[in-house]
Amino acid sequence: MRCVIARFPFELTKVSVLESMKGIKPEPSAGDSVIIGRRHYPLKQVGQVLTRQDRRDFSAGEVLRAMTQLGFTCRPLPQLEPTRILSSLQHASAMLGTPATV
């Protein structure tokens with residue numbers, strides 16, 4: 001499949017991506033990821049390995065589009081639930097098991 005990443009054309013196949021990523025340890029993901037084999041790789045890491053370009057030269061969206069078209073599963077970064085901040089009175093009441101009166 002022909003795709004364009006950072007204004008350069010690349011011929012990618014699912015097999016060539018699997019071969020290129022073989023032996024590459026996944027970095028901790030700070031954004032969207034792609035599942036290659038059994039591993040979750042950050043999109044920017046995959047793009048850098050496949051294109052041999054600096055990560056600043058392409059967007060994660062370009063790699064996401066190419067990986068999706070090749071049939072790889074892409075996952076968004078899991079959204080964390082917002083934490084509730086308790087006041088010191090609420091915290092103390094929660095620790096004692098008594099209702100807080102404000």
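Computed from the coordinates by the stated procedures, all read-outs in this text should not be read as laboratory data. Bear in mind the structure is a predicted one, so any value in this text is a computation, not a measurement.
With the Cα gyration tensor of the stretch 2-75 giving a ≥ b ≥ c as the square roots of its eigenvalues, does the rule (a/c under 1.5 for rounded; else a/b larger than b/c for prolate; else oblate) give rounded, prolate or oblate?
Verdict is rounded for the stretch 2-75.
Starting from 0.36 nm per residue, how many nanometres of slack lie between residue 88 and residue 1 once their C-alpha separation is accounted for?
Using 0.36 nm per residue and subtracting the Cα-Cα distance, I get 25.5 nm.
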Full extension between residue 54 and residue 73 adds, at 0.36 nm per residue less the Cα distance, a length in nm of 4.5 nm
